[in-house]
Amino acid sequence: MSGNKAIWWVYILRCQGDVFYTGITTNLAQRFRVHQQGKGAKFTRAHRPLEIWCHFGPYTKSQALREEYRIKQLPHSAKEALKLSCP
């Protein structure tokens, strides 16, 4: 990933109600702040984020989109288990 291409991250937030939200971003800290302020995704406005559960990357945008989709298809228990493989 050289040159001026953006570096993308896939992240999982643990939210109120013990639910997870998965998304992609180029700036993890900034995106988390946006979610906490209620200005992020509709889902995180209803289920406030408590923490960044884990994140993966770096990826190109297309890789991040594919990984986000893959993670979103996982059951809750599998997303919980991903914590063990987070950096």
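The values are calculated or read from the model by the stated rules, or taken from the named source; none is laboratory data. Keep in mind it's a predicted model, so treat the numbers as computed, not measured. Don't worry about glycine lacking a Cβ; one is built from the backbone with ideal geometry, like all the others, and counts go over all protein chains shown.
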Residue that is modelled with the highest pLDDT [pool: residues in region 44-67 that are crowded, with 16+ Cβ neighbours inside 10 Å and small (G, A, S)]: A64
Of everything in region 16-49, what is touching an Asp or Glu at 6+ places or on another chain (Cβ under 9 Å) and part of a strand (DSSP E or B)? Give them in sequence order. F20, T22, G23, I24
Filtering region 68-87 down to residues that are outside any helix (DSSP H, G or I) and loosely packed, with under 10 Cβ neighbours inside 10 Å, which residue is modelled with the lowest pLDDT? P87
Assess whether G38 counts as being in contact with a His (Cβ under 8 Å, 6 or more places away or on another chain) and either among the small types (G, A, S) or surrounded by fewer than 19 Cβ atoms within 10 Å (Cβ to Cβ) (or both). no
Within the set of pairs 6+ apart or on separate chains, which have a first residue in region 3-23 that is within 14 Å of L74 (Cβ to Cβ), a second that is surrounded by fewer than 20 Cβ atoms within 10 Å (Cβ to Cβ) and of a type in the set (G, A, S), and C-beta atoms under 7 Å apart? V10/G57; Y21/A41
